[in-house]
Amino acid sequence: VRWMMYWIVFALFMATETFTDLLISWFPFYYEIKMAFVIWLLSPYTRGASLLYRKFVHPTLSRKEKEIDTYIIQAKERSYETVVRFGKRGLNMAATAAVQAAAKSQGALAGRLRSFSMQDLRSVPDET
């Protein structure tokens, strides 16, 4: 549980860090403060990640739980619809390619079939 809390808080930190780096990276000792913050999060003595998780992240997730569940259900439904749509599209493309290949090779197939004459077929010994 401790590591779960750490990784959730660290992921949120990394997401916000992308934007804060652009805005306040000019601040003196910014990178040193950032490093000290990550060590504070990770340290078993300070348990910074647990503190932040219990104080901010968990209450927020608890309040938004129904909304999160709704978004997950919508994502599942949309992903199923997307897979079906792309599956149909892929099958249509494969069928079209097969029909085009058959149409192009029909001339070659007809030429091969025409090369067999009735005389050729009569020359095959009858084993019965």
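Could you check how many residues of region 43-59 are surrounded by fewer than 11 Cβ atoms within 10 Å (Cβ to Cβ) and under 14 Å from V1 (Cα atoms)?
Taking region 43-59 first, the residues surrounded by fewer than 11 Cβ atoms within 10 Å (Cβ to Cβ) are 44-45, 55.
After this cut, where a residue has to be under 14 Å from V1 (Cα atoms) as well, the list is 44.
Qualifying residue count for the region: 1.
Counting just the residues of region 18-42 that are closer than 24 Å to V1 by Cβ and more than 31 Å from the chain's Cα centre (by Cα), which one comes out surrounded by the most Cβ atoms within 10 Å (Cβ to Cβ)?
Ranking the candidates gives W40 first.
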Collect the residues in region 1-17 that are open to solvent by 80 Å² or more (accessible area, probe 1.4 Å) and more than 24 Å from the chain's Cα centre (by Cα), keeping them in residue-number order.
V1, R2, W3
Among (1) modelled with pLDDT under 90; (2) under 20 Å from F13 (Cα atoms); (3) of a type in the set (D, E, K, R), E32 falls short only on (1)
Would you check which residues across region 46-98 are at pLDDT 90 or above and either of a type in the set (S, T, Y) or in contact with a Gly (Cβ under 8 Å, 6 or more places away or on another chain) (or both) and list them?
S50, Y53, T60, S62, T70, Y71
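The values are calculated or read from the model by the stated rules, or taken from the named source; none is laboratory data. The structure displayed is predicted, hence computed values, not measured ones. Because the Cβ atoms are built from the backbone with ideal geometry, glycine has one as well, and the counts that use them run over all protein chains shown. In case anyone asks, the SASA skips ligands and DNA or RNA and just uses the protein heavy atoms, side chains included. Shrake-Rupley method; radii C 1.70, N 1.55, O 1.52, S 1.80 Å.
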